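Each value in this text was obtained by applying a stated rule to the coordinates, not by laboratory testing. This structure is a prediction, so every number in the text was calculated from the model and none was measured. Virtual Cβ from ideal backbone geometry, glycine too; neighbours counted across all protein chains shown.
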Amino acid sequence: MISIESGIVFGPELCGCIHKLNPSHVFIVTDSVVGPLYGPKLKNSLSCLGCPVHILEFPAGDVHKTRATKEYLEDQMLQKSAGRDTCIIALGGGVVLDVAGYLASTYCRGVPLIMVPTSLLAMNDASIGGKNAVNTPYGKNLIGTTYLPQATFCDLDFLETLPLEELKNGFVEMIKHAIILDADFFAFLQTNAKALLNLDMSKLAYAVQKSCELKMLVVRTDTYEEGLRRILNFGHTVGHAIELKSEYRVSHGRAVASGIIVEAAYAVRKGYLQPMVLEQIKALFSSFGIETMACDGFSEKDLYECMCMDKKALKHRPRVVIIKEIGQVESFDGAFCTEYDVLEMGIL
Ligand code: GLY
């Protein structure tokens, strides 16, 4: 179940949803930035449950998305004698949702999970589809599971205090969903970029709803990424390489937007996509103020090496999702990606 509105998290809806699960303990898992802002308010709004509600906080930031953090949280729960009839609420951005999702999937072999994303990026991505993970010194998101939440509550009120750059990270995922799945939604984003950036709440509610529904459609068809779900990775083969090479100084959104342009340009060179469509995609990013030249300064060789470590790579050769037009991807007999021809990369 996905609920998208304003004022739903601290109202009766979330409490009602958890009540049906009849838990003995509820743990709000959050980080040191979001926790102090919203943790106590959320805890108070759950007083109707009549069971202990605990707040578990860990230090904010990607560097804390680790096995050690998960272990720390597990120990806190074990100390409170929490059993299988426990419910975990993940309150925060992508890092919190990933850690809490992984925690919920293995605690007592799995306890119910409710997602409460507080960033636009997390609403569009980590809160849906059940992918979770932690980082290791060997790479990002290498250890994790696929574990679907019971419900996701996207409260648009959280977005009012979000910095513009954070909002843009979320709009990149939204634009990606439109490019790979829905030409009408792409046209909506073209017409309404300014209103969305200005947080016009009715337009934003429609856009978040649409974007989440599009992602859900894919996840329902291929939860464990055996084929179709790979299309959600459009722009990420190159995008992740940019993030890695920049040592994460380039934001996820800017890296993926740049990756989308590089991968769409590749589709043009390979004859799958009309050049005019590439220009439309560039123009859409530009109308959201999203910069797409993050490849600058990296050599093709360096990026290619990182792309070989991408999860879609086969036998150490990177693969890429190919779009044919707005809203349509090439199937490649159900693989939904194809080998990235190094001779025609043309990244820069
Ligand atoms: N973020 C890509 C996926 O959920 O499959």
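Please give the net charge around Lys168, taking every other residue with its beta carbon less than 10 angstrom from that of Lys168, where Lys and Arg add +1 and Asp and Glu add -1.
Around Lys168, the charge tally is -2.
If the viscosity is 1.567 mPa s and the temperature 4 °C, what translational diffusion coefficient in µm²/s does Stokes-Einstein give for region 71-192 when Rh comes from Kirkwood over Cα pairs?
Estimated diffusion coefficient is 83 µm²/s.
So for each of 136-144, 29-37 I average, over its residues, the number of other beta carbons within 10 Å; can you give me the resulting order with the highest mean first?
Highest-to-lowest ranking by the protection proxy: 29-37, 136-144.
Between beta-carbons, use under 12 Å as the cut-off and find the net charge around Ala133, counting Lys and Arg +1, Asp and Glu -1.
+4
Add +1 for every Lys or Arg and -1 for every Asp or Glu among the other residues with Cβ under 11 Å from the Cβ of Ala151, and state the total.
Its environment carries a net charge of 0.
Given Cα positions, please report Rg to Rh for region 27-107, the hydrodynamic radius being the Kirkwood one.
Here Rg/Rh amounts to 0.94.
What translational diffusion coefficient, to the nearest whole µm²/s, does region 171-315 have by Stokes-Einstein, given a Kirkwood radius computed over alpha-carbon pairs, a temperature of 25 °C and 0.890 mPa s viscosity?
154 µm²/s
How many nm is it between the label spots at Gln274 and His19, if each spot is 7 Å from the Cα in line with the beta carbon?
With each label placed 7 Å out from Cα toward Cβ, I get 5.5 nm.
Output the Cα-based Rg and Dmax of region 1-148 in Å, rounding Rg to one decimal and Dmax to a whole number.
In Å, with Rg to one decimal and Dmax whole: 14.0, 44.
For region 231-310, calculate the relative contact order in percent as a whole number, restricting contacts to Cα pairs under 8 Å that are 6 or more residues apart.
Answer for region 231-310 is 38 percent.
Taking the C-alpha atoms of region 147-218, how large are the radius of gyration and the largest Cα-Cα span, Dmax, in Å?
My reading of the Cα-based Rg and Dmax gives 12.2, 36 Å.
Which peptide among 100-107, 253-260, 83-90 comes first, and what is the full order, when sorted by highest mean count of other Cβ atoms within 10 Å?
253-260, 100-107, 83-90
Hand me the trypsin sites (Lys or Arg not before Pro) from region 282-348 located in a DSSP loop with no more than 15 other Cβ atoms within 10 Å, in residue order please.
Those that pass, being in a loop and sparsely packed, are Lys311, Lys315.
Roughly speaking, what is the stretch gain from Asn44 to Thr223, that is 0.36 nm per residue apart minus the C-alpha to C-alpha distance, in nm to one decimal?
Extra length available between Asn44 and Thr223 comes to 61.0 nm.
Mind pulling up the Rg/Rh value for region 18-59? Radius of gyration and Kirkwood radius, both on Cα.
0.99
Quick one: Debye curve from the C-alpha atoms of the chain, no solvent, what's log10 I(q)/I(0) at q = 0.10, 0.11, 0.15 Å⁻¹?
Summing over Cα pairs of the chain leads to -0.59, -0.71, -1.27.
Kindly work out what percent of the DSSP beta bridges joining two residues of the chain are antiparallel, to the nearest 5.
Among the beta bridges of the chain, antiparallel pairing accounts for roughly 25 percent.
Could you give the DSSP H helices of the chain that reach 24 angstrom or more along their long axis (alpha carbon positions) and whose average Kyte-Doolittle hydropathy is no lower than 0.5?
Going by DSSP H runs, the hits are 164-181, 252-269.
Suppose R0 equals 30 Å. What FRET efficiency, 1/(1 + (r/R0)^6) with r the Cβ-Cβ distance, do Lys194 and Met293 give to the nearest 0.05?
For Lys194 and Met293, the calculated efficiency is 0.85.
Work out how much length Asp184 to Asp333 would gain on full extension: take 0.36 nm times their residue separation and subtract the Cα-Cα distance, in nm to one decimal.
Length gained, Asp184 through Asp333: 51.1 nm.
Based only on Cα atoms, what mean projected area does the convex hull of region 2-72 have, in nm²?
So the mean shadow area of the Cα hull is 5.6 nm².
May I ask which residue of Ala241, Gly11, Ser287 lies farthest towards the positive end of the charge dipole of the chain, with charges of +1 (Lys, Arg) and -1 (Asp, Glu) on Cβ and the Cα centre as origin?
The listed residue farthest towards the positive side: Gly11.
R0 = 30 Å: FRET efficiency of Leu142 with Gln79, Cβ-based, nearest 0.05?
Efficiency, from the Cβ-Cβ distance: 0.60.
Full extension from Met309 to Arg249: what is 0.36 nm times the residue separation minus their Cα-Cα distance, to one decimal in nm?
19.7 nm
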